[in-house]
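Just so you know, all these numbers are worked out from the coordinates, no wet-lab data involved. What you are looking at is a predicted structure, and each value in this text was computed from that prediction instead of being measured. All Cβ positions, even for glycine, are placed from backbone atoms using ideal geometry, and neighbour counts span all protein chains on display.
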Amino acid sequence: MAFVPVGVETGWKGCNRVSGKGEWELLDPSPKDLEESVVQEERKKPVPEGNKGFPFDFGRIPYKGKRPLKDMIGSYKNRHSSGDPSAEGTSGSGGTSKPFSEMQLQLQSQQEELDRLKKDLSSQKELVRLLQQTVRSSQYDKYFTSSRLCEGIPKDTLELLHQKDDQILGLTSQLERFSLEKESLQQEVRTLKSKVGELNEQLGMLMETIQAKDEVIIKLSRQLSECEGSVASPSSAPGSPSAAPTGRDQLELDRLKDNLQGYKTQNKLLNREIFELSALRRNAERRERDLMAKYSSLEAKLCQIESKYLILLQEMKTPVCSEDQGPARDVIAQLLEDALQVESPEQPEQAFVKPHLVSEYDIYGFKTVPEDDEEEKLVAKVRALDLKTLYLTENQEVSTGVKWENYFASTMNREMMCSPELKNLIRAGIPHEHRSKVWKWCVDLHTRKFKDTTEPGYFQTLLQKALEKQNPASKQIELDLLRTLPNNKHYSCPTSEGIQKLRNVLLAFSWRNPDIGYCQGLNRLVAVALLYLEQEDAFWCLVTIVEVFMPRDYYTKTLLGSQVDQRVFRDLMSEKLPRLHAHFEQYKVDYTLITFNWFLVVFVDSVVSDILFKIWDSFLYEGPKVIFRFALALFKYKEEEILKLQDSMSIFKYLRYFTRTILDARKLISISFGDLNPFPLRQIRNRRTYHLEKVRLELTELEAIREDFLRERDTSPDKGELVSDEEEDT
């Protein structure tokens, strides 16, 4: 459907001029009618001076389709052979071929004609695109300037709508321009890659030629040395038979010397050509790197523009002056729905539209845009675009992948060892392709003492026992399997590949630790580990976290260790971030209700996936101290925003979601390992010991109060009226 206004003249560059009162008619015009209307409107305009602008007249521009080069050359030959009798006379009755130079000139002229046709075709395509854009903009602007829609709307509101419309059109044109630049850069990169491949092939052929020449030179040098040795040896007698062929040997020696000199000269020329080809290849590679950097920069700008475009559409969707559901709301809602679509393999590639920059899942398998809430869907896509902008911007600098490649090259003949260099590399983040290897090494490093005392196949033995015998934890494990990471495609349904692996690891661990069995939170730890490790390695990773890193009773029913860490964290907040701690105390906000889950599952489902795995990189190498560092860094990152909130309800509401708005992993890592120093592990251990005694004393007092209550209830005459909480639950 298209809205066609009555009495409206279409202007160039999307500007509409309304003559009289414009009325709207809901029509469904055919493409032919649209083309005739555009031609009639353009014929009313004065002829432009010179050659400025595009002549918008399809009738004056004949269509020139592509013809095969072979057919054009054949027609050209027939035309010239029939119109030039002198050529027939020179060719003779035998039908001999034309000279090579004449054929080359004909081929060159045909190639020039082909290039001209291609240019005409591209200009016609550009003309059609501009006409389509002009028609769309004119119809859209006519719609907003119609008298029926403008009736009852204030002037300032109408101006605001025009401004928003101009912003949308400007952003759309920028998107199209950037997509065209991106396509041209990709084409240029492909051309350069093909040229580099040809140069490499030529270089290989020249190297083979030089090697063959070197072998010939060595052979000739050996023969020359043998001849010189035979000449230098004195002859037995002047009249002896050996003196007769001396003249022939001298001639052969002179010939070999000449050949050797010629080969040396040829070798110098080949070396010069190789040097020039190497310089050309280096220049091509440097140009390719520059183009790739420019391409990444343009893609990052495109992500920023699309993010602003989404926010602008969301603002336009809200009612401005009335609550009536007008056609404008429907148009903006449709634009917003189109913009929120994610990239999928089934979508066909379209020309002259903005590219899809956000895929359905990230590299870790997490869903980037949810399907239920539209508001959350918009926020998630804006967050994904901002993340990709940061990723493209960081890739333009010195890549951490190069540093990791150099490190692995230096440790090729020896095992990885703990060192300051490795520590700094892990803190900066492990690349996706190396994370499995480094995580496995970290787990083996921390569990070596356990593995040395166990038999081979220990994990399979535990799993077999857990499957054969009755396991009290198996029921709760089955209940939590599908609730582990529902937004990750590896755990989204019962048939997902990660569900069975998750079940096996949790069952084996519950059999190894019957005191713990299973605690909610262990499933998320194992699920994250299984994204990069095999089942047995994920099992030992869980053993590392529960039995090596965390204190005793951290994952038991009382969660004693977790409560102690929250008190330690409160002390660190008052020491490292005193202003923020005082702000929380002033409004009586218990932030440990938020941070408790951070410590229990190591930030799973609390931060974006890119930051989550960088936290886990340092956590598996350095231990639990990293959790305190990043928990403090998250608060310091948003300290100023939290201090602006002046009531407890808004503070607590902000604390529930603010970690998902932090996207810059590099800045967060800099705060964690730079701004919060010094951060000794000995201080955390001492505070844990201190608070552990206090918590145990409090639990003992609570148990004594409970026993007194039960004793008083048993001795009281009206004991039937006193019921404890546990009895009430039963």
Taking every other residue with Cβ under 14 Å from the Cβ of L530 and scoring Lys and Arg +1, Asp and Glu -1, one gets +2
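For D515 and T556, calculate 0.36 nm times their separation in residues minus their Cα-Cα distance, and state this gained length in nm to one decimal.
That pair, D515 and T556, stretches by 14.0 nm at full extension.
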Efficiency by 1/(1 + (r/R0)^6): what FRET value for R656 and D166, r their Cβ-Cβ distance, R0 = 60 Å, to the nearest 0.05? 0.95
Can you tell me the length gained on complete extension of the stretch Q266 to C418, counting 0.36 nm per residue apart and subtracting the Cα distance? 49.2 nm
If each part is reduced to its alpha-carbon centroid, region 546-581 and region 586-656 end up apart, in Å, by 13 Å
Distance between modelled label sites at L482 and L199, nm, 7 Å Cα→Cβ extension: 5.9 nm
In nm, what is the difference between 0.36 nm times the number of residues separating M292 and L253 and their Cα-Cα distance? 8.3 nm
How high is the relative contact order of region 560-698, in percent, with contacts defined as C-alpha pairs under 8 Å that are six or more residues apart? 35 percent
If you build the convex hull over the alpha carbons only and average its shadow over all orientations, what do you get for region 560-698? Give it in nm² to one decimal. 8.1 nm²
In units of 2.2 N^0.38 Å, what is the alpha-carbon radius of gyration of region 429-549? 1.03
Too long at a 28 Å Cα-Cα cut-off: which of K465/K557; K437/K465; K588/K694; K118/K182; K294/K644; K576/K644? K437/K465; K294/K644
What's the ranking of 277-288, 524-535 by average number of surrounding C-beta atoms within 10 Å, highest first? 524-535, 277-288
Return the long-range amide H neighbours of Y361 (sequence gap of 5 or more, or a different chain), with a cut-off of under 5 Å between placed amide H atoms. T368
Could I have the simple spin-label model distance between A212 and L593, label points 7 Å from Cα toward Cβ, reported in nm to one decimal? 8.4 nm
